[in-house]
Amino acid sequence: MSLGRMIQKHLFCSLLVCFLTNAAPCLSDPSSRFDIQTTDEPISVTADFITYDKNQQMYVAQGNVEIYQANRSLKADQVTLYEQTQIAQASGDVAYAEGEDTMHGDYLEVNFNTNEGQIRKGSLFYKKGNVHLTGEHLEKRGENQYLLTKGDLTTCEGDPPPWKISYQKADITEEGWAKVKGATFKVRNIPLLYTPYLIYPAKTKRQTGLLIPSLGQSSSEGTSLNNALFWAISENTDATFYLDLATKKGIGIGSEYRYINSEKDSGRFYGYYIGERKEYQDDAYEDDGEQKLNRGRDRYNLVYEGKKDFNEDFFLRAKFDLVSDRQYYNDYGTSIVERTAERTETTVFLTKHWDQGFSLVGDVEYNKDLLEDYQKQQFFDDPILSSELLEEDPIGRYPQITFSAMPQLFSPAPVYFSLDSQYANFMRDEGTEGSRVDINPLLNWPMKLSHHFIFETQAGLRETAYLDTHNKEEGEDFDDNRILPTFRASLSTKFIKIFPSKSNSQRRYRHTIEPEVSYFYLSHEDQDDLPDYDGTDRIEQQNRFTIGLTNRLMTKLFLPDGSSSEREMFFVRAGQFYDANTSSQPFSNSFLELRSRPTDYLYLKSDLEYDAYDSEIEVFNGLINIFDRRGDYLNFEYRYAGASDDEANSKFPDITSNGFADTFFEEDPTGDIEQINTGAGLALTNKVSVFMQNRQARHEGRTLETIWGMHYHSQCWGTVLTYRKEAATDGRESERKIFLEFFLQGIGRIGGFGLGGLGAGGSR
């Protein structure tokens, strides 16, 4: 048959259909298209062939049918669309999309007006989260609301998928939370776990529901089951409730409430309580029949952290931390830092700044000592020092008010006036308490001696007054004050060299050298009879000259879009001071601070003190970080602090931007401290990686913590196998733990199995 006769036949058939159906309009163009105007968004239809039935007010579209309305679309081989009800009946290769979510099946019926419908032998796909659901019958109940029967749920690709959840019924809420009934968890179609009810986050939006529990086994705690309920209260608030069960240890309950009203207003409340069984305490905390430390059976922790910025210049910061006993963090801390904490801090800060350079800070502070008396005695070998610390409890400040003034032009000279002042009321259960007023006005006179040198002088008169001061044990009341004149002077300059890169015309380097010489004088006054609350109460006489040198290398890369990026490649600062009041060894330890990032994948940092008299290093801290884009990394940190026999030589100045030695750091009196921390990670493949962490206290001859692990991550699931060994702490034996955790995309952790209590603690 010729092409002309085929066209004639096709045209004749089209006209015949139009006549029989009274179609108006009748379209046979391959790009046939029409629009239906609705009260909401219009409906647009395109297809290879479209007819219209006036009597039933329905359109019949055939061949590559595509229907669009706002963020919804329908594609199928054939669609019947009723003009009045806006109901569409689609068959063939059906695909219905709403935003990024799509449904597929062999038959679909949907109401574009109510957004309700149903699909037979279909599937539902959430792009965000890669969630796949199938069912014999899918009912669409509204926007983002579905009811599925007898199907599967998974986030994996493949047939069969690595894991899936087979269910009898799945009800997906408007927020995207799937409430699954009759759920069976399967791995490669092998059923492993059945639950009559499960809540699954089909979409990533936070939703209320039960979190998947974790199961563990420990020689001391027995079998444990940790449960949690998450409550999405609103868009900016949520809460989590905890219920932990341990056959030997007891029952623990807790809750956490979080709110984020804005970047300037957020916070969280946390509380946890557990009543430990007496049998558990006798087994876990006793040594040779004697309990090392008295913990009490009721253990709890209350925490609040929050901030509130009223505006850029007026803000509030608060932290509240309360524990039932000194050993709480030792037993329940999740890291070595928490388990070795020496105190808790509760603080509230209210700060106000003014454009003129004034600031006012009001705060309340409370500290709780977590060290037992015998621990303090063991920590401090010096009997005099330890006895002084044992006499008095940690101090609280109720309140503390600080007022500061940035340098203000005082005269045309120019001379600048600045002020640091503070009022504090100290309270403690035992020892000396009272109030203190400290005022430190300063006059600063910077001068340019030439185009290259800056000479700066500063004079001050620091006065400290003690009010209502008394010792609770001795019943002694006394008031006193102290006046300390101070004088500072510094001479500094800066040499700058800018040069281009030989290998990259778009890169520039800036090299600066900043030498500085300074002098600081502080008069002597006997302060032995004054209270000793903190470092403000004991200020040593100073008559010191300081020399310092700072060296910087910066790189700047100009990008094609006109922007630029800058990185500090090298920084080194060195210095030393001379004490004119000391005749035997007037020179301090030389100090050096270094940091460098020569490439995007290497970072170096170190600082040290060198004692020239004894020809030895007193302090050395070094850090090396190596990493790459694959995820491989190597971290090495070394920390050393040697004991010093010379008090004057055990201190070194922190050179400020003005070149003044404002603060001094003292060596630990107990002896040498040497610690090594290492960490490494290696990506064996794109799915498998191994990692290691190790913390050593070389001066104690023991390893504090060792962690070995392997991580596997595929497209939709992952697992982490971890071996962890923790050193013994006061009141607890050393612990060895093995954890096996599974992670499913969209679900989270479904394990956390402690495979045997290998030590006294086992898993928790």
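Observations
- Selection status of ARG326, at pLDDT 90 or above, closer than 18 Å to TYR272 by Cα, basic (Lys, Arg) and buried (at least 17 other Cβ atoms within 10 Å of the Cβ): no
- Number of the condition not met by PRO213 [criteria: (1) part of a loop (DSSP other than H, G, I, E, B); (2) at pLDDT below 70; (3) of a type outside the set (Asp, Glu)]: (1)
- Options THR134, THR173; residue that is under 30 Å from GLY718 (Cα atoms), in the same structural domain as LEU192 (by TED's automatic domain parsing), within 35 Å of the chain's Cα centre (by Cα) and not aliphatic (A, V, I, L, M): THR173
- Within the option set GLN89, GLN69, GLN78, GLN84, being surrounded by fewer than 16 Cβ atoms within 10 Å (Cβ to Cβ) and more than 24 Å from VAL180 (Cβ to Cβ) holds for one residue only, GLN84.
- Among the residues of region 66-115, those that are among the aliphatic types (A, V, I, L, M) and within 17 Å of HIS137 (Cβ to Cβ) comprise ALA90, VAL94, MET103, LEU108, VAL110.
- Within the option set ARG538, ARG552, being of a type outside the set (Phe, Trp, Tyr) and over 30 Å from MET427 (Cβ atoms) holds for one residue only, ARG552.
- Filter result (of a type in the set (D, E, K, R), in a loop (DSSP other than H, G, I, E, B) and under 40 Å from the mean Cα position of the chain (by Cα)) within region 494-525: LYS494
- Residue satisfying all of: in region 514-543; out of contact with any Ser or Thr (no Cβ under 8 Å at 6 or more places or on another chain) and under 24 Å from SER590 (Cα atoms); surrounded by the most Cβ atoms within 10 Å (Cβ to Cβ) among these: GLN542
- Residues that are modelled with pLDDT under 80 and either part of a strand (DSSP E or B) or closer than 30 Å to TYR280 by Cα (or both) within region 226-241 comprise just one, ASN226.
- Total residues in region 440-467 satisfying the condition of being at pLDDT below 85 and over 30 Å from PHE495 (Cβ atoms): the figure is 0.
- Selection count, region 574-585, where residues are under 11 Å from ASN543 (Cα atoms) and surrounded by fewer than 16 Cβ atoms within 10 Å (Cβ to Cβ): 3
- Selection count where residues are surrounded by 16 or more Cβ atoms within 10 Å (Cβ to Cβ) and among the charged types (D, E, K, R), scope region 352-367: 2
- Subset of region 133-145 (residues that are surrounded by fewer than 19 Cβ atoms within 10 Å (Cβ to Cβ) and not basic (Lys, Arg)): GLU136, HIS137, GLU139, GLY142, GLU143, GLN145
- Pairs where the first residue, in region 546-563, is within 22 Å of SER590 (Cβ to Cβ) and crowded, with 17+ Cβ neighbours inside 10 Å and the second is at pLDDT below 80 and among the hydrophobic types (A, V, I, L, M, F, W, C), C-beta under 7 Å, 6+ apart: THR546/ILE655; THR546/ALA661; GLY548/ILE655
- The number of residues in region 603-633 that are touching a Ser or Thr at 6+ places or on another chain (Cβ under 8 Å) and exposed (fewer than 15 other Cβ atoms within 10 Å of the Cβ) comes to 2.
- Here LEU108 does not qualify as closer than 26 Å to ALA70 by Cβ, in the same structural domain as ILE190 (by TED's automatic domain parsing) and buried (at least 16 other Cβ atoms within 10 Å of the Cβ).
- Only a single item in (1) of a type outside the set (Ser, Thr, Tyr); (2) modelled with pLDDT of 85 or more; (3) under 28 Å from LEU193 (Cβ atoms) is not met by PRO160, and it is number (2).
- Candidates in region 693-751 are the residues that are of a type in the set (Lys, Arg) and within 24 Å of LEU225 (Cα to Cα); of these, the one that is modelled with the lowest pLDDT is ARG749.
The values are calculated or read from the model by the stated rules, or taken from the named source; none is laboratory data. Please read these numbers as outputs of a predicted model, since none were measured by experiment. Here the Cβ is made from the backbone with ideal geometry for all residues, glycine too, and neighbour counts use every protein chain on show.
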